Amino acid sequence: MDLYSAAQFSVRRVSSELFSPGSIFSVYSLATTFCIAVGALAWRHKARRGRVNLRAIARAIFDKRLILNNSFSADVKLAVLSVIFMPAVIGALVISANAVSMAVRATLTSAFGPLAPVDCCALQIKVVSTVVLFLAYEIGYFVDHYLKHRVQFLWELHKVHHTADVLTPVTNYRNHPIDNVVFGYMLALFIGGASGVLDWLLGRHTEIFSVDGKNILFILFLWTIGHLQHSQFWIPFGGVWGRLILSPAHHQIHHSNDPEHFNRNLGSVLAIWDWMFGTLEVPSRKNPRLAYGVEEEGVDPHSSFGMLVTPPLKSAAALWRALGSVGRSSLGAWSFVTARVQQRRHG
Ligand SMILES: [Zn+2]
Ligand SMILES: [Zn+2]
């Protein structure tokens, strides 16, 4: 690929990321998020001081301390990597939800036989399918995130997202490429699995309400509170809402460097999985002024080396240790069993 074609390819990738309504960083989702942030800050100013100070709101949204920061520059580097270089690699490595769906449908058909296509109630079926596949995405996200916080070799890769000292919508991209590949597999399994079951039950391919192939319920989240989860604006949902939906403040608690907040609020949109598994931390109304980031010894977590090279090395070392301890436990169990057998023979 010559320089001109490389430049053309990069421009196409960036423009698709910015102008496709289903992209996670579309100008539309950023515009709606901007309006919601301005509205929330104006409402707070009015409630506290009886008037709205537009200059203070602009200063809060375009905060120089956030942008002139090593953590933000690191987020931007990973964003460029994710947008321009990684889609092809991840697309090639990750099995698609479609392939999983076809495999599940074929397995069910060969085990139980085909079901007659459902011909009625197309709209209701489309609504139910949209909700079911959204729930499949949600459960897949929660399981993936739960494992990444519990299993050391997965945590070493996921930690890249948590080394951000400041949160902005660009932090969405702050993920190690291998972490993204694992996430892709998990979503393919859960969404593809659910879609295969639906296809078999309905006797035809499942249709959902979507934008650019993405579930419309996820797009709704992205266009409202999704970007605010990675922002400095404390917008908490309390009471019943705080147990159903993860507000921006819920996710800021997830990034907090206070040990009391570690491994809390692991879901994406819905708080119910965290509620069910005891990992939910409902935010207070008052802003606790959280600090973010993870201490890393001997490496700058915002350098390219610290973000891209150290995590897979640490992950491989953790996996090696885990395999070693499994090997030692198996050896111990085997020695115990053979000793007992010999004892019985002699007894
Ligand atoms: Zn996390
Ligand atoms: Zn995050």
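Take F134 and decide whether it is of a type outside the set (G, A, S) and within 16 Å of ligand 2 (Cβ to nearest atom). First the steps, then the outcome.
Working: of a type outside the set (G, A, S): yes; within 16 Å of ligand 2 (Cβ to nearest atom): no.
No; evaluated as a whole, the condition is false for this residue.
Filtering the range 246-263 down to residues that are crowded, with 19+ Cβ neighbours inside 10 Å and away from ligand 1 (no atom under 14 Å from the Cβ), which residue is farthest from L290 (Cα to Cα)?
Filtering the range 246-263 down to residues crowded, with 19+ Cβ neighbours inside 10 Å leaves 246-256.
Add one more test, that the residue is away from ligand 1 (no atom under 14 Å from the Cβ), and what stays is 247-249.
Values: S247: 15, P248: 13, A249: 10 Å.
By that ranking, first place goes to S247.
Tally the residues that are assigned to a loop (DSSP other than H, G, I, E, B) and crowded, with 16+ Cβ neighbours inside 10 Å, restricting the search to the range 24-61. Can you show your working first?
First, the residues of the range 24-61 that are assigned to a loop (DSSP other than H, G, I, E, B): 24-26, 50-53.
The next check asks that each one be crowded, with 16+ Cβ neighbours inside 10 Å; those that pass are 24-26.
Number satisfying all stated conditions: 3.
I'd like the full set of residues that are more than 20 Å from I139 (Cβ to Cβ), assigned to a loop (DSSP other than H, G, I, E, B) and within 14 Å of ligand 2 (Cβ to nearest atom), limited to the range 220-246.
Residues satisfying the conditions are S231, Q232.
Only one of G327, G267 is farther than 26 Å from D63 by Cβ and in a loop (DSSP other than H, G, I, E, B). Can you tell me which? I'd like the intermediate steps shown before the answer.
Working: G327 fails: in a loop (DSSP other than H, G, I, E, B).
Just one listed residue meets the conditions, G267.
Which of the residues belonging to the range 138-195 are of a type in the set (D, E) and more than 13 Å from ligand 1 (Cβ to nearest atom)? Steps first, please.
Let us first name the residues in the range 138-195 that are of a type in the set (D, E), namely 138, 144, 156, 165, 179.
E138, D165 - these are the residues of the range 138-195 that are of a type in the set (D, E) and more than 13 Å from ligand 1 (Cβ to nearest atom).
L308 - would you say it is farther than 30 Å from Y137 by Cβ and either assigned to a helix (DSSP H, G or I) or at pLDDT below 90 (or both)? First the steps, then the outcome.
On the way: farther than 30 Å from Y137 by Cβ: no; either assigned to a helix (DSSP H, G or I) or at pLDDT below 90 (or both): yes.
Taking the combined requirement at face value, the residue does not satisfy it.
May I ask you to list pairs of residues, at least six apart or on different chains, whose Cβ atoms are under 6 Å apart, with the first in the range 255-278 being closer than 14 Å to V143 by Cα and the second being surrounded by 14 or more Cβ atoms within 10 Å (Cβ to Cβ) and small (G, A, S)?
Once the first residue is closer than 14 Å to V143 by Cα and sits in the range 255-278, its partners that are surrounded by 14 or more Cβ atoms within 10 Å (Cβ to Cβ) and small (G, A, S) give W273/G267; D274/G267.
Limited to the range 278-296, what total is found for residues that are out of contact with any Leu (no Cβ under 8 Å at 6 or more places or on another chain) and more than 22 Å from K77 (Cβ to Cβ)?
Looking only at the range 278-296, we keep the residues that are out of contact with any Leu (no Cβ under 8 Å at 6 or more places or on another chain), and these are 278, 280-291, 293-296.
Now narrow it down to the ones that are more than 22 Å from K77 (Cβ to Cβ): 278, 280-291.
Residues flagged as out of contact with any Leu (no Cβ under 8 Å at 6 or more places or on another chain) and more than 22 Å from K77 (Cβ to Cβ) within the range 278-296 amount to 13.
Is it the case that the range 274-295 has a residue that's within 22 Å of the chain's Cα centre (by Cα) and more than 30 Å from I245 (Cβ to Cβ)?
Kept after step one, since they are within 22 Å of the chain's Cα centre (by Cα), are these residues of the range 274-295: 274-283, 290-295.
Then drop every residue that is not more than 30 Å from I245 (Cβ to Cβ), which leaves 295.
Within the range 274-295 (the criterion being within 22 Å of the chain's Cα centre (by Cα) and more than 30 Å from I245 (Cβ to Cβ)), the answer is yes, since at least one residue qualifies.
Going through S96, S20, S101 one at a time, which residue ends up being surrounded by 17 or more Cβ atoms within 10 Å (Cβ to Cβ), touching a residue at least 12 places away in the same chain (Cβ under 8 Å) and over 20 Å from G226 (Cβ atoms)?
After ruling out the rest, the residue left standing is S101.
Going by what's in this entry, would Y4 be described as aromatic (F, W, Y) and either at positive phi or in contact (Cβ under 8 Å) with a residue 40 or more places away in the chain (or both)? Write out each step before concluding.
Details: aromatic (F, W, Y): yes; either at positive phi or in contact (Cβ under 8 Å) with a residue 40 or more places away in the chain (or both): no.
No.
Which one of these does S315 not meet: (1) in contact with a Leu (Cβ under 8 Å, 6 or more places away or on another chain); (2) loosely packed, with under 15 Cβ neighbours inside 10 Å?
Among (1) in contact with a Leu (Cβ under 8 Å, 6 or more places away or on another chain); (2) loosely packed, with under 15 Cβ neighbours inside 10 Å, S315 violates only (2).
The values are calculated or read from the model by the stated rules, or taken from the named source; none is laboratory data. Everything quoted here is computed from the prediction, not taken from an experiment. For neighbour counting, all protein chains shown are included, and Cβ atoms are generated from backbone atoms with ideal geometry for every residue, glycine included.
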